[in-house]
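The values are calculated or read from the model by the stated rules, or taken from the named source; none is laboratory data. From a predicted model like this one, the values you see are computed outputs, not experimental measurements. A quick note on method: Cβ atoms are made from the backbone with ideal geometry, for glycine too, and the neighbour counts reach across all protein chains shown. Ligands, DNA and RNA are stripped out before the accessible areas are found, and what is left, the full protein with its side chains, is counted by its heavy atoms. Shrake-Rupley method; radii C 1.70, N 1.55, O 1.52, S 1.80 Å.
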Amino acid sequence: MVRLDFGNSFTDGRNVLEKIGERLPVTLTLNILSLLLIAGVAIPLGVLAAVKQRSFLDRLTTIIVFVGFATPSFWLALLLMYFFGIKLGWLPISGLYSWEFSSLSLGGKIIDLAKHLILPVFVASFGGLAGFSRYTRSNMLEVIQQDYIRTGRAKGLPERVVVYRHALKNAILPVVTILGLSLPGLIGGSVIMESIFAIPGMGRLFYESVMSRDYPVVMGILTIGAFLTLLGNLIADILYAWVDPRIKYS
(Lines give C-alpha, C1' and ligand atoms only; values in the text may rest on other atoms or scores of the structure.)
Protein backbone atom coordinates (compact mmCIF):
# COMPACT_ATOMS: atom_id res chain seq x y z
CA MET A 1 0.00 0.00 0.00
CA VAL A 2 2.84 2.42 0.83
CA ARG A 3 4.54 1.76 -2.52
CA LEU A 4 1.19 1.65 -4.38
CA ASP A 5 2.09 -1.83 -5.56
CA PHE A 6 -1.17 -3.77 -5.70
CA GLY A 7 0.23 -6.57 -7.84
CA ASN A 8 -1.12 -7.78 -11.17
CA SER A 9 -4.63 -8.54 -12.28
CA PHE A 10 -5.75 -12.17 -12.27
CA THR A 11 -7.67 -11.76 -15.53
CA ASP A 12 -5.12 -10.23 -17.92
CA GLY A 13 -1.88 -10.01 -15.88
CA ARG A 14 -1.67 -6.22 -16.17
CA ASN A 15 -0.50 -4.00 -13.33
CA VAL A 16 -3.42 -3.10 -11.09
CA LEU A 17 -2.44 0.55 -10.69
CA GLU A 18 -2.24 0.98 -14.47
CA LYS A 19 -5.73 -0.43 -14.92
CA ILE A 20 -7.13 1.85 -12.21
CA GLY A 21 -5.23 4.86 -13.61
CA GLU A 22 -6.96 4.39 -16.97
CA ARG A 23 -10.43 4.42 -15.39
CA LEU A 24 -10.01 6.84 -12.47
CA PRO A 25 -10.16 10.13 -14.49
CA VAL A 26 -13.55 9.15 -15.93
CA THR A 27 -15.04 8.42 -12.50
CA LEU A 28 -13.56 11.58 -10.96
CA THR A 29 -14.92 13.69 -13.83
CA LEU A 30 -18.43 12.30 -13.34
CA ASN A 31 -18.29 12.78 -9.57
CA ILE A 32 -16.88 16.31 -9.73
CA LEU A 33 -19.52 17.36 -12.26
CA SER A 34 -22.19 15.82 -10.02
CA LEU A 35 -20.91 17.70 -6.96
CA LEU A 36 -20.78 20.97 -8.89
CA LEU A 37 -24.34 20.47 -10.10
CA ILE A 38 -25.55 19.59 -6.60
CA ALA A 39 -23.86 22.61 -5.02
CA GLY A 40 -24.84 25.00 -7.82
CA VAL A 41 -28.52 24.07 -7.80
CA ALA A 42 -29.35 22.70 -4.35
CA ILE A 43 -27.83 25.51 -2.26
CA PRO A 44 -29.61 28.44 -4.02
CA LEU A 45 -32.83 26.38 -4.10
CA GLY A 46 -32.59 25.71 -0.37
CA VAL A 47 -31.91 29.38 0.36
CA LEU A 48 -34.94 30.50 -1.66
CA ALA A 49 -37.13 27.89 0.04
CA ALA A 50 -36.03 29.15 3.47
CA VAL A 51 -36.45 32.84 2.65
CA LYS A 52 -39.89 32.18 1.12
CA GLN A 53 -41.02 29.74 3.79
CA ARG A 54 -44.48 28.19 3.26
CA SER A 55 -44.68 29.68 -0.23
CA PHE A 56 -45.44 27.76 -3.42
CA LEU A 57 -41.70 27.41 -4.09
CA ASP A 58 -41.14 25.93 -0.62
CA ARG A 59 -43.94 23.41 -1.09
CA LEU A 60 -42.66 22.52 -4.56
CA THR A 61 -39.14 21.83 -3.29
CA THR A 62 -40.63 19.67 -0.52
CA ILE A 63 -42.36 17.54 -3.14
CA ILE A 64 -39.12 17.32 -5.17
CA VAL A 65 -37.25 16.22 -2.04
CA PHE A 66 -39.68 13.36 -1.36
CA VAL A 67 -39.56 12.28 -5.01
CA GLY A 68 -35.75 12.47 -5.03
CA PHE A 69 -35.38 10.38 -1.91
CA ALA A 70 -37.93 7.79 -3.06
CA THR A 71 -36.67 7.31 -6.62
CA PRO A 72 -34.13 4.48 -7.12
CA SER A 73 -31.24 5.76 -9.23
CA PHE A 74 -31.08 2.66 -11.45
CA TRP A 75 -34.82 2.91 -12.24
CA LEU A 76 -34.53 6.63 -13.03
CA ALA A 77 -31.56 5.90 -15.29
CA LEU A 78 -33.48 3.27 -17.26
CA LEU A 79 -36.52 5.54 -17.52
CA LEU A 80 -34.48 8.47 -18.86
CA MET A 81 -32.57 6.21 -21.25
CA TYR A 82 -35.83 4.97 -22.72
CA PHE A 83 -37.46 8.41 -22.96
CA PHE A 84 -34.58 10.63 -24.12
CA GLY A 85 -32.49 7.99 -25.86
CA ILE A 86 -34.91 5.54 -27.47
CA LYS A 87 -38.25 7.35 -27.65
CA LEU A 88 -37.03 10.86 -28.58
CA GLY A 89 -33.52 10.02 -29.79
CA TRP A 90 -32.06 13.21 -28.32
CA LEU A 91 -29.28 11.76 -26.17
CA PRO A 92 -26.98 8.70 -26.38
CA ILE A 93 -27.62 6.01 -23.81
CA SER A 94 -24.22 4.33 -23.43
CA GLY A 95 -20.51 5.03 -23.46
CA LEU A 96 -18.65 8.33 -23.45
CA TYR A 97 -18.04 8.81 -27.17
CA SER A 98 -19.78 8.19 -30.47
CA TRP A 99 -18.32 5.92 -33.13
CA GLU A 100 -17.29 8.92 -35.27
CA PHE A 101 -15.72 10.80 -32.33
CA SER A 102 -12.18 10.76 -33.76
CA SER A 103 -13.31 12.40 -37.01
CA LEU A 104 -15.18 15.27 -35.32
CA SER A 105 -13.85 18.80 -34.91
CA LEU A 106 -12.91 20.11 -31.46
CA GLY A 107 -16.31 21.71 -30.99
CA GLY A 108 -18.02 18.54 -32.20
CA LYS A 109 -16.02 16.43 -29.74
CA ILE A 110 -17.02 18.70 -26.85
CA ILE A 111 -20.68 18.56 -27.85
CA ASP A 112 -20.55 14.79 -28.29
CA LEU A 113 -18.93 14.29 -24.88
CA ALA A 114 -21.44 16.65 -23.24
CA LYS A 115 -24.37 14.72 -24.72
CA HIS A 116 -22.99 11.47 -23.32
CA LEU A 117 -22.50 13.01 -19.86
CA ILE A 118 -25.92 14.67 -19.45
CA LEU A 119 -27.88 11.59 -18.36
CA PRO A 120 -25.23 10.00 -16.07
CA VAL A 121 -24.46 13.28 -14.30
CA PHE A 122 -28.14 14.11 -13.82
CA VAL A 123 -28.99 10.67 -12.45
CA ALA A 124 -25.97 10.72 -10.13
CA SER A 125 -26.98 14.18 -8.86
CA PHE A 126 -30.74 13.74 -8.53
CA GLY A 127 -30.84 12.30 -5.03
CA GLY A 128 -28.19 14.74 -3.83
CA LEU A 129 -30.12 17.72 -5.19
CA ALA A 130 -33.09 16.76 -3.06
CA GLY A 131 -31.10 16.13 0.11
CA PHE A 132 -28.79 19.14 -0.02
CA SER A 133 -31.59 21.58 -0.79
CA ARG A 134 -33.36 20.33 2.34
CA TYR A 135 -30.22 20.59 4.46
CA THR A 136 -29.62 24.13 3.25
CA ARG A 137 -33.23 25.11 3.92
CA SER A 138 -33.25 23.81 7.49
CA ASN A 139 -29.95 25.51 8.32
CA MET A 140 -31.03 28.79 6.74
CA LEU A 141 -34.31 28.77 8.68
CA GLU A 142 -32.34 28.53 11.91
CA VAL A 143 -29.86 31.25 10.97
CA ILE A 144 -32.29 33.87 9.61
CA GLN A 145 -34.08 33.92 12.97
CA GLN A 146 -30.93 35.07 14.79
CA ASP A 147 -30.64 38.55 16.28
CA TYR A 148 -27.80 39.70 14.03
CA ILE A 149 -29.96 39.05 10.95
CA ARG A 150 -32.70 41.28 12.41
CA THR A 151 -30.06 43.88 13.19
CA GLY A 152 -28.77 43.81 9.62
CA ARG A 153 -32.26 44.32 8.25
CA ALA A 154 -32.95 47.08 10.78
CA LYS A 155 -29.81 48.91 9.62
CA GLY A 156 -31.24 48.99 6.12
CA LEU A 157 -28.96 46.46 4.46
CA PRO A 158 -30.30 45.06 1.18
CA GLU A 159 -32.04 41.72 1.58
CA ARG A 160 -29.59 40.11 -0.85
CA VAL A 161 -26.65 41.16 1.36
CA VAL A 162 -28.37 39.95 4.53
CA VAL A 163 -29.24 36.57 3.06
CA TYR A 164 -26.19 35.69 0.97
CA ARG A 165 -23.38 37.47 2.80
CA HIS A 166 -24.39 37.17 6.45
CA ALA A 167 -26.87 34.30 6.76
CA LEU A 168 -25.62 31.87 4.13
CA LYS A 169 -22.00 31.80 5.34
CA ASN A 170 -23.13 30.62 8.75
CA ALA A 171 -25.74 28.22 7.42
CA ILE A 172 -23.50 26.54 4.87
CA LEU A 173 -21.00 24.95 7.28
CA PRO A 174 -23.03 21.74 7.85
CA VAL A 175 -23.64 21.55 4.09
CA VAL A 176 -19.88 21.75 3.46
CA THR A 177 -19.40 18.84 5.85
CA ILE A 178 -21.96 16.71 4.03
CA LEU A 179 -20.49 17.66 0.64
CA GLY A 180 -17.07 16.45 1.75
CA LEU A 181 -18.49 13.19 3.08
CA SER A 182 -20.61 12.61 -0.04
CA LEU A 183 -17.58 11.89 -2.23
CA PRO A 184 -17.27 8.21 -1.23
CA GLY A 185 -21.02 7.82 -1.69
CA LEU A 186 -20.78 9.12 -5.22
CA ILE A 187 -17.91 6.77 -5.96
CA GLY A 188 -19.93 3.86 -4.60
CA GLY A 189 -22.92 4.93 -6.68
CA SER A 190 -20.77 5.08 -9.78
CA VAL A 191 -20.59 1.27 -9.72
CA ILE A 192 -24.29 1.12 -10.65
CA MET A 193 -24.24 4.23 -12.85
CA GLU A 194 -21.27 3.23 -14.96
CA SER A 195 -22.59 -0.31 -15.37
CA ILE A 196 -25.99 0.92 -16.59
CA PHE A 197 -24.58 3.53 -18.99
CA ALA A 198 -21.61 1.34 -20.06
CA ILE A 199 -19.12 4.02 -18.99
CA PRO A 200 -15.51 2.80 -18.76
CA GLY A 201 -14.84 4.16 -15.27
CA MET A 202 -13.52 2.84 -11.99
CA GLY A 203 -16.98 1.79 -10.82
CA ARG A 204 -17.52 -0.46 -13.82
CA LEU A 205 -14.02 -1.89 -13.39
CA PHE A 206 -14.86 -2.67 -9.76
CA TYR A 207 -18.05 -4.47 -10.78
CA GLU A 208 -16.28 -6.50 -13.45
CA SER A 209 -13.48 -7.38 -11.02
CA VAL A 210 -15.93 -8.57 -8.37
CA MET A 211 -17.78 -10.70 -10.90
CA SER A 212 -14.52 -12.30 -12.11
CA ARG A 213 -13.06 -12.57 -8.57
CA ASP A 214 -10.07 -10.42 -9.52
CA TYR A 215 -9.07 -9.70 -5.92
CA PRO A 216 -5.96 -7.54 -6.53
CA VAL A 217 -8.03 -5.08 -8.59
CA VAL A 218 -10.83 -5.11 -6.01
CA MET A 219 -8.42 -4.34 -3.15
CA GLY A 220 -6.69 -1.64 -5.19
CA ILE A 221 -9.97 0.13 -5.96
CA LEU A 222 -11.06 -0.09 -2.31
CA THR A 223 -7.75 1.46 -1.23
CA ILE A 224 -8.14 4.30 -3.75
CA GLY A 225 -11.71 4.81 -2.51
CA ALA A 226 -10.50 5.06 1.09
CA PHE A 227 -7.89 7.64 0.06
CA LEU A 228 -10.52 9.71 -1.76
CA THR A 229 -12.70 9.58 1.36
CA LEU A 230 -9.87 11.07 3.42
CA LEU A 231 -9.27 13.63 0.69
CA GLY A 232 -12.94 14.66 0.80
CA ASN A 233 -12.70 15.21 4.56
CA LEU A 234 -9.55 17.30 4.09
CA ILE A 235 -11.22 19.46 1.45
CA ALA A 236 -14.19 20.00 3.77
CA ASP A 237 -11.86 21.12 6.58
CA ILE A 238 -10.09 23.56 4.26
CA LEU A 239 -13.41 24.96 3.06
CA TYR A 240 -14.41 25.65 6.67
CA ALA A 241 -11.78 28.36 6.97
CA TRP A 242 -12.75 29.82 3.61
CA VAL A 243 -16.46 29.91 4.41
CA ASP A 244 -16.28 31.01 8.06
CA PRO A 245 -13.58 33.60 8.93
CA ARG A 246 -13.98 32.73 12.63
CA ILE A 247 -12.23 29.40 11.96
CA LYS A 248 -8.44 29.66 11.81
CA TYR A 249 -5.84 26.96 11.23
CA SER A 250 -2.40 27.56 12.68
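Data overview
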| read-out | value |
| --- | --- |
| Separation in nanometres of the label points that stand 7 Å from Cα toward Cβ, at Asp5 and Asn233 | 2.8 nm |
| Carbon/sulfur fraction of accessible area - the stretch 1-121, other protein chains in place, 1.4 Å, % | 70 percent |
| Debye log10 I(q)/I(0) at q = 0.13, 0.17 Å⁻¹ for the chain, Cα point scatterers | -0.94, -1.26 |
| Anchor Lys109: lysines whose Cα lies under 29 Å away (excluding residues fewer than 8 positions away in-chain) | Lys19, Lys87 |
| Sites Leu141 and Leu36, calculated FRET efficiency, Cβ-Cβ separation with R0 30 Å, nearest 0.05 | 0.75 |
| Surface accessible to a 1.4 Å probe, per residue, for the residues of the stretch 76-158, Å² | 59 Å² |
| Within the stretch 126-159, backbone nitrogen closer than 18 Å to the virtual label 7 Å beyond the Cα of Trp242 toward Cβ | none |
| Potential lengthening between Asp12 and Glu100 on full extension [0.36 nm per residue; Cα-Cα distance subtracted] | 28.8 nm |
| Set of lysines with alpha-carbon distance to Lys169 below 20 Å, sequence-local pairs under 8 removed | Lys52, Lys155, Lys248 |
